[in-house]
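Following: one structure in structure tokens, then a few remarks.
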Amino acid sequence: MINCILKPDFIKPVFLGAVIFAALAFLPSLVDSYYMSLAISIVSFAVLATAWSMFSGPTRYISLATVVFFGIGAYTVAVLGEVLPFPVVLVCAALAGTMLALLVGFSTLRLAGVYFVIFTFGLTELVRQVVSWYEVNVTREMGRYIFLDITQNDIYWQLLTLFAVLLLTGFILGRSRLGFALRIIGEDETVARHCGINVTRVKVALFVLSAVFMTLTGAIMAPRWTYIDPVIAFNPMLSFQVVIMALLGGPRRLLGPLLGVIPLTLLFEVLTANFPNHFSIMLGVTFMVIVYLLPGGVIGLYEKYRTPQKASPSNGHSKTEEKTA
Amino acid sequence: MLSYAVFSGITLGGMYALVAMGLTLQYGVSRIMNLAYGELVIVASFAAFVLMTSAGINPVIGLLIFIPASFALNWAIYRILLSPLVARAKNRGMLEVDSILATFGLLFIVQGILLVWFGGNYYSYDFMNGAVDVFGAAIAANRLVALGFALVFGLGFYLVLTRTRMGTALRAVAVDPQSARLVAIDVNFAACFAFALGGAMAAVGGVLVSMFLTFSTSMGVAFTMKALIVVIMGGVGNMLGALVAGLILGIAEALVATYIDPGLTIAVTYVIFLLVLLIKPSGLFGRTVS
Amino acid sequence: MQISSRLRLATLAAATTALMSTAALFGAQAQETYRIGYAISKTGPGAPGANTSTIPNYEMWAKEINDAGGLKVGDKMIPIEVVEYDDRSSSEEAVRAVERLINQDKVDFILSPWGTGLNLAVAPILDRAGYAHLAGTAVTDKAPQLAKRWTNSYWLLGTGEQYAVEMVKFLEQLKSDGKINDKVAMIAVADGFGIELSNAGRDALEERGFELVYDKTYPLGSQDLATIVNEIKSLGADTFVAFSYPPGTLGLTEQARVLQFNPKIFYAGVGTAFPLYKDRFGADAEGVVSLGGASETDPKIASYIERHVAFAGREPDRWASIVNWASLQSLQQAIERAGSTDREAVNAELAKGGFDTILGTYKPGDQNFWQVGQWQDGKFVGIAPTDMEGAHDLVFPKPDWKGAQ
């Protein structure tokens, strides 16, 4: 581990990333609160899509359970937000997410293909129904109020930190034994088994890791809405959005999802702002165009046009991206 | 009480099965994971509504128009939008991802068009709501009609698929399109035909469901999801499986509502679904996939 | 490289749009308009509600004012310009859309989104930016605290408790007159609204010596409630109370009709006061009780309903629509009274109240509208509070279902 960290091909991208994130932290002093809300949207989806890809990229499981963890995080804040200090609440959220992910991971990862997709979707509905039922019959209060003194900028900084931690985790993971094991599993599970890799344990570990980041995103975002009920917290649309963004960007590389998140969030925004009555149609058409014209996602396009030697150093992202790949 | 719960559960389950059967064809045979399926169900509901309220035409009679129209529409969707994806897909996984993305786009387009025409309001009309006495349980006539259609389709298609040449061809395509080609089956035609047939069945479901449910332009996704649950639980591509899965879910809902707590009806459908998947990962009637 | 240029393109596109809207803003201010903004659920689960009780009112309001030449501010007539967005029934979208209205479009006034959740999501932002918030479609027991917390916010539909308690008081009178027995069957939708009303209703009923023979919830989105109705039918309750949402309300009514379950009091929640209900059930709507109500003999209300039909092609609902319209009338008068488009001046006028509206003399947040209403001869009339002017007598007992075709 130590000698791996000291290598220049480790230090350079990490240093570059640190500079970029430090610069991004000053965004609030430069733009008004509308752009901040847009930035929050981008960073939150960036965390979700990257965390999603961390598990789904190598294993090729398409999970629609993103919002389960996101919602659990949001609910933890709603329940504990006024009782405990916020950092402790975040820890509790992470624990709740871990527990659920362990449970789900061990029981479901033997499902394959579309069965896993639909299972995770069913899980979303089940969790939503169970939370509703619990609130109705036990607490007798549906819909919770979150009155916390957390500003939009605080949320932005928290998300940015979370994203930095996530990228660093992913980066280290990519160079660790676990990451190596994952790549083998991604190529061929049978081979991996023969190499003596405990496939299930690796998958579950990754599922939990990805779930913790999703849970934390939900917990950080919750104070923004003042009011949480199961419909708001467990909106299945979120899971779909994350999948689409990650698939568009390219889930098999660390920075791939980001390349889907940024254009799509901006696109959604432009469409929402300009076509309030025809948003659905415009969105649908754009989607179709993407599917037909960009079959391999943005990263596929990148790989297709990349010069054989080295990408131009003009863009920090694509450079780090190439390094980590 | 028990008999009423069982009967209303059967009608409910019949509705689930009816809505799911088209999807099981589209996904099982044509291999298109059609996320816009529910939107096509809703389109038929709106069509029935318009026909009923503006022209006074009985929706069941209207099926004579809706079935061919929807068949043609879905044929066109497959030919224009989906066959390029099928052609370029190297394996089943790629087609799955591509069809999810493409039909997700289609979902928004159809919903957007409905929204422009009908707005976001709730819609509902009164048709065949008279009570029919079934062994002492009063059940609305329109629900019985829907159940009847589900049974006829479920059993009918099961027989067609297992007993006819055409059915055997479709099943062959479902199992292995590559090998099917070797025995002179026109795979493209079969897939397109199955997709269009599935679409026509979605229309039947939409029309019948509109007689007793309040619907709106944003409800399509709910139908897609319910249908997916039934399809997966019954085993992909298996009509009889969809029928049985639908009935199980319907009866379970009614029993839970009667004897435990109506607040848990939706939860119980998902519990059953998840349990079935965990015990038998390829669904009740599904073949085990390698 | 390809990506970076593409990314740059996307950013550029976003920036250009932003710039264009800013340019449009300057152009607009040159010709003096009053800019009204709103983000509302045009799509998603909130869309049917928003389309029933809110969107037509906003659109009709802007059109009527502009047809009359605009708002009379001082000695000038200023037309209204509308900036609208679709929040897709998502809290996050609503938050961002309102930020956009405030910071990008720099609108003069923001009308409320639809539903309790979204109104609460945008309330702190509106408060911070100094915008008044006429929350037209939020029912929350915290309404009084919220109005204190955000001083320029008005929670027009009040608390869930008030509707439940008013209804129970009405039932108590019937019980002491010996008209109904003390058995009540209650069902609620498992959502904020249903739970608040059923909690308040449960307490109020038990306090007044009623026996709850059935007290359950059903999940949001469920329309198949036949088994519930069948069970309730056998319990011998004279009173059936459902705190339900429109699809459930229609489903319950339909299944009650099929099963010939005809209690003396049939109360069903949101949706009964919708024109849809009357269209769907025709003569069978007669005698059904719900929340809301309208004094249709009042010429102002009658004229409002008539204009709404002419504008939107359908009647308004007899609850939130009416209150929303009164708040829009208040807003217009507040601007005209302030004699300026200055936000603080308008906010100050709004807080003073005393507006002449379809609800009579009105201040946003007043609860001077019908809490309990009933379909009588094709009109959804107010029956409680009984001491309100124009209260109708209850049609009792509920007539038999005539049955479906």
**OP:** Only one of these is within 22 Å of C:Phe274 (Cβ to Cβ) and surrounded by fewer than 24 Cβ atoms within 10 Å (Cβ to Cβ): B:Phe127, B:Phe153. Name it.
**Re:** B:Phe127
**OP:** Looking for whichever is among the acidic types (Asp, Glu), more than 20 Å from C:Gly236 (Cβ to Cβ) and within 18 Å of the chain's Cα centre (by Cα) here; the options are C:Asp203, C:Asp224, C:Asp191. Which one fits?
**Re:** C:Asp191
Original post:
Checking C:Ser303 against (1) touching a residue at least 12 places away in the same chain (Cβ under 8 Å); (2) closer than 30 Å to C:Gly69 by Cβ; (3) among the polar types (S, T, N, Q), which test does it fail?
Top reply: (1)
Original post:
Condition test on C:Arg307, is it within 22 Å of C:Pro56 (Cα to Cα), in contact with a helix residue (DSSP H, G or I) (Cβ under 9 Å, 6 or more places away or on another chain), of a type outside the set (Val, Ile, Thr) and surrounded by fewer than 16 Cβ atoms within 10 Å (Cβ to Cβ)?
Top reply: yes
Subject >> Count of segment C:263-289 residues which are closer than 20 Å to C:Pro397 by Cα, of a type outside the set (Asp, Glu) and touching a Phe, Trp or Tyr at 6+ places or on another chain (Cβ under 6 Å) >> reply: 7
**OP:** Please find, within segment B:272-290, the residue that is farthest from C:Gln255 (Cα to Cα) out of those that are within 11 Å of chain A (Cβ to nearest Cβ), of a type outside the set (Lys, Arg) and in a loop (DSSP other than H, G, I, E, B).
**Re:** B:Ser290
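Condition first: part of a helix (DSSP H, G or I) and touching a strand residue (DSSP E or B) at 6+ places or on another chain (Cβ under 6 Å). Now tell me which residues in segment C:254-282 satisfy that. Quick ask: steps written out before the conclusion?
Restricting attention to segment C:254-282, the residues satisfying the condition of being part of a helix (DSSP H, G or I) are C:254-258, C:275-282.
The answer is C:Val258, and nothing else.
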**OP:** Output yes when any residue across segment C:324-339 is without any contact (Cβ under 8 Å) to a residue 24 or more places away in the chain, assigned to a loop (DSSP other than H, G, I, E, B) and either on the phi < 0 side of the Ramachandran plot or outside the structural domain of C:Ala256 (by TED's automatic domain parsing) (or both), and no when none is.
**Re:** no
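Within segment C:104-124, restricting attention to residues that are within 8 Å of chain A (Cβ to nearest Cβ) and over 19 Å from A:Thr265 (Cα atoms), which residue is surrounded by the most Cβ atoms within 10 Å (Cβ to Cβ)?
C:Leu120
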Original post:
Say we look at segment A:240-252 and pick out the residues that are part of a helix (DSSP H, G or I) and crowded, with 24+ Cβ neighbours inside 10 Å; which of these is nearest to the other protein chains (Cβ to nearest Cβ)?
Top reply: A:Leu247
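Under the condition of being of a type outside the set (A, V, I, L, M, F, W, C) and crowded, with 22+ Cβ neighbours inside 10 Å, which residue from segment B:181-211 is farthest from the chain's Cα centre (by Cα)? Spell out the reasoning first.
Quick first cut of segment B:181-211, residues of a type outside the set (A, V, I, L, M, F, W, C) only: B:181, B:186, B:188, B:198-199, B:205-206, B:210.
Applying the additional criterion that residues be crowded, with 22+ Cβ neighbours inside 10 Å yields B:198-199, B:205-206, B:210.
Numbers: B:Gly198: 8, B:Gly199: 9, B:Gly205: 7, B:Gly206: 9, B:Ser210: 14 Å.
Ranking the candidates gives B:Ser210 first.
So, C:Ile335, is that one over 22 Å from the mean Cα position of the chain (by Cα), crowded, with 21+ Cβ neighbours inside 10 Å and more than 14 Å from every other protein chain (Cβ to nearest Cβ) or not? Show your work before the answer.
Details: over 22 Å from the mean Cα position of the chain (by Cα): yes; crowded, with 21+ Cβ neighbours inside 10 Å: yes; more than 14 Å from every other protein chain (Cβ to nearest Cβ): yes.
Spelling it out, C:Ile335 is indeed over 22 Å from the mean Cα position of the chain (by Cα), crowded, with 21+ Cβ neighbours inside 10 Å and more than 14 Å from every other protein chain (Cβ to nearest Cβ).
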**OP:** Identify all residues within segment A:28-80 that are among the polar types (S, T, N, Q) and over 23 Å from A:Leu247 (Cβ atoms); write none if there are none.
**Re:** A:Ser29, A:Ser33, A:Ser37, A:Thr76
Original post:
Scanning segment A:96-130 for residues that are over 16 Å from A:Thr66 (Cα atoms) and modelled with pLDDT of 90 or more, which turns out nearest to the other protein chains (Cβ to nearest Cβ)?
Top reply: A:Gln129
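For (1) closer than 30 Å to C:Ile55 by Cα; (2) facing another protein chain (nearest Cβ under 7 Å); (3) touching a residue at least 12 places away in the same chain (Cβ under 8 Å); (4) part of a strand (DSSP E or B), each residue gets a yes or a no:
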residue	(1), (2), (3), (4)
B:Ala69	no, no, yes, no
B:Asn74	no, no, yes, no
B:Ile80	no, no, no, no
B:Ser83	no, no, yes, no
B:Leu95	no, no, yes, no
B:Ala102	no, yes, yes, no
B:Phe108	yes, yes, no, no
B:Gly120	yes, yes, yes, no
B:Asn142	no, no, yes, no
Subject >> Selection from segment B:64-90 of residues that are under 15 Å from B:Val187 (Cβ atoms) and loosely packed, with under 13 Cβ neighbours inside 10 Å >> reply: B:Ala87
**OP:** Name the residue, out of C:Gly221, C:Gly201, C:Gly194, that is part of a helix (DSSP H, G or I) and facing another protein chain (nearest Cβ under 10 Å).
**Re:** C:Gly194
**OP:** Taking the residues in segment C:42-57 that are within 8 Å of chain B (Cβ to nearest Cβ) and in a loop (DSSP other than H, G, I, E, B) as candidates, determine which candidate is modelled with the highest pLDDT.
**Re:** C:Lys42
Original post:
What number of residues within segment B:240-271 are facing another protein chain (nearest Cβ under 10 Å) and assigned to a helix (DSSP H, G or I)?
Top reply: 18
Original post:
Of (1) crowded, with 24+ Cβ neighbours inside 10 Å; (2) within 26 Å of B:Val132 (Cα to Cα); (3) not aromatic (Phe, Trp, Tyr), B:Ser3 satisfies all except one. Which?
Top reply: (1)
Original post:
Has segment B:36-56 got at least one residue that is in contact with a Phe, Trp or Tyr (Cβ under 7 Å, 6 or more places away or on another chain), more than 22 Å from B:Asn238 (Cβ to Cβ), of a type in the set (Phe, Trp, Tyr) and within 14 Å of chain A (Cβ to nearest Cβ)?
Top reply: no
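Out of A:Arg201, A:Arg175, I need the residue that is out of contact with any Lys or Arg (no Cβ under 8 Å at 6 or more places or on another chain), among the basic types (Lys, Arg) and within 17 Å of A:Arg60 (Cα to Cα). Which one?
Details: A:Arg175 fails: within 17 Å of A:Arg60 (Cα to Cα).
After applying the criteria, what remains is A:Arg201.
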Original post:
Does C:Gln173 satisfy being more than 14 Å from chain A (Cβ to nearest Cβ), among the polar types (S, T, N, Q) and under 12 Å from C:Asp141 (Cβ atoms)?
Top reply: no
**OP:** Please specify each residue of segment C:363-400 satisfying the condition of being of a type in the set (D, E, K, R) and surrounded by fewer than 17 Cβ atoms within 10 Å (Cβ to Cβ).
**Re:** C:Asp377, C:Asp387, C:Glu389, C:Asp393, C:Asp400
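The values are calculated or read from the model by the stated rules, or taken from the named source; none is laboratory data. Note that this is a predicted model, so its numbers are computed, not measured. In this analysis, Cβ positions are derived from the backbone assuming ideal geometry, glycine residues included, and neighbour counts consider all displayed protein chains.
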